[in-house]
1. Considering the range 15-70 alone, what residues qualify as being more than 21 Å from residue 268 (Cα to Cα) and of a type in the set (Phe, Trp, Tyr)?
2. Restricting to the range 277-307, and then to whatever is crowded, with 18+ Cβ neighbours inside 10 Å and without any contact (Cβ under 8 Å) to a residue 60 or more places away in the chain, can you tell me which residue is nearest to residue 22 (Cα to Cα)?
3. For residues that are touching a strand residue (DSSP E or B) at 6+ places or on another chain (Cβ under 6 Å) and closer than 30 Å to residue 140 by Cβ, scanning just the range 351-394, find the one that is surrounded by the most Cβ atoms within 10 Å (Cβ to Cβ).
4. Taking the conditions exactly as written (away from the ligand (no atom under 12 Å from the Cβ), of a type in the set (Gly, Ala, Ser), modelled with pLDDT of 95 or more and surrounded by fewer than 20 Cβ atoms within 10 Å (Cβ to Cβ)), does residue 92 satisfy them or not?
5. Would you pick out the residues in the range 204-257 that are surrounded by fewer than 21 Cβ atoms within 10 Å (Cβ to Cβ), closer than 24 Å to residue 32 by Cα and of a type outside the set (S, T, N, Q)?
6. How many residues, within the range 190-207, are closer than 20 Å to residue 295 by Cα and more than 10 Å from the ligand (Cβ to nearest atom)?
7. Within 19 Å of the chain's Cα centre (by Cα) and surrounded by fewer than 21 Cβ atoms within 10 Å (Cβ to Cβ), is that true of residue 9?
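The values are calculated or read from the model by the stated rules, or taken from the named source; none is laboratory data. Everything numeric here is computed off the predicted structure, so don't read it as measured data. Note: ideal-geometry Cβ built from the backbone for every residue, glycine included; neighbour counts use all protein chains shown.
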Amino acid sequence: MKPHSETSLRNRLKRLGGPGLFSVPISTSNLYTPEKRSVLRYLEEGFEKQSDQEPALCAQLADRLRRYHDSEYCVLFSTGFWALVSAIKLKALPGKSEVIIPSLTYRRLADVVFWAGLTPVLVDIDPADLSISPQAIDRNIGAETGLILAVHPIVNCCDVSGILALSKRRGVPVVFDAVESAHETVSGKRIGSFGVGEVFSLHASKLINGLEGGYVCTNDAAFAASLKIFRTGAVVTFPDESHYGLNGLPHPGHAAFALAALDELNKNIDHNRTIYRAYQKQLASLNGIRLLKFDEQEQTSYKNIVVEVQDNFPINRDALCNAMNSESILARKHYSPPLHQKTYSYSVAIREMQQTELAEARYLNLPCGSRVTPQDVSTVCDFIAFAASEPEFFTSPAK
Ligand SMILES: *Cc1c(COP(=O)(O)O)cnc(C)c1O
């Protein structure tokens, strides 16, 4: 007998008075914890040391990341958020007021632009890869456009060469939010090595866990130097304008954690690949659930599991997500709501959203990361199969 036959799964459901499928809820965050003795060793050896007027552990981490990403410079920040704010502020064309960003993306991306003192202009996605559409960027560049903030999607990468070419052709600089594409390559070239400014996060939910933290990779010496000044709160002076910096310095304790996590990156990714393979195998026979595939011609981290809940699945994405959440399976609606459907206390421009509107109700992020086991994946997939076989159970209110 299968370990989770339909009856045994049914009997465990909280909704039917059972103990629940999971004693600890399972989430979509990576949450990789490096070896404690490795973190302690880094702290022991470097916590009180300084190197070139910065904490030695921060300098060491920046150097490791620079080599890992194959970029000429790497500037560490307290978080990915403030790294993005700083990169936007220092890279946007002087005197311009707008930054083009996708709508189907990280929930705080419009806030990032606001904090840089500029106006976000939300544009549509390309349905093929769910990332910002180069055509939509091109159509929406106007007299006030100061920057393109392109964001890599959760699965695979955005059209890096297309967007770089567009940026060059239209004379508008680009910065990449590369948080979701750490470790990945495009045509064999590592994300982080493209030179213009690529921003990453070291938050616990991301691939490389530094508890908190962020960084910018670039090959532009002047940009790197200005980022280093900006993160201390000092004033950065350009020929036509100057900018007050912010307090965005990284912490050496976080750097120790991230260094230990970097040492164990292969183990982290091997686990993610195992989880991805388990979903691949078990979702293959489920009609109406389409797993977004990683491009395995490239290097990838297998970090997140995203599925499309198609029209032929018996319940819709929202009903499936709610059903899962009430059984401690913390699946998340993919970038929901898209940014153009939120309300703001500052000004936001919204452009055509046809593809975003079509995509926004269909995608779901499934539990994954270092706290999820292949056995958990089986239970999740059994639950989805159960939802498919008894849809009424999930579309009628709970007793
Ligand atoms: C998490 C995330 C950020 C912000 O990073 P923090 O380090 O949490 O501030 C930015 N962009 C994307 C796409 C993210 O997923």
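1. 22, 47
2. Going through the qualifying residues, I end up with 307.
3. The extreme case among them is 356.
4. no
5. Passing the criteria: 204, 211, 212, 249, 251, 253.
6. 6
7. no
Condition check ((1) closer than 21 Å to residue 235 by Cβ; (2) of a type in the set (A, V, I, L, M, F, W, C)) across all residues:
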residue	(1), (2)
49	no, no
57	no, yes
64	no, no
68	no, no
79	no, no
85	yes, yes
104	no, yes
107	no, no
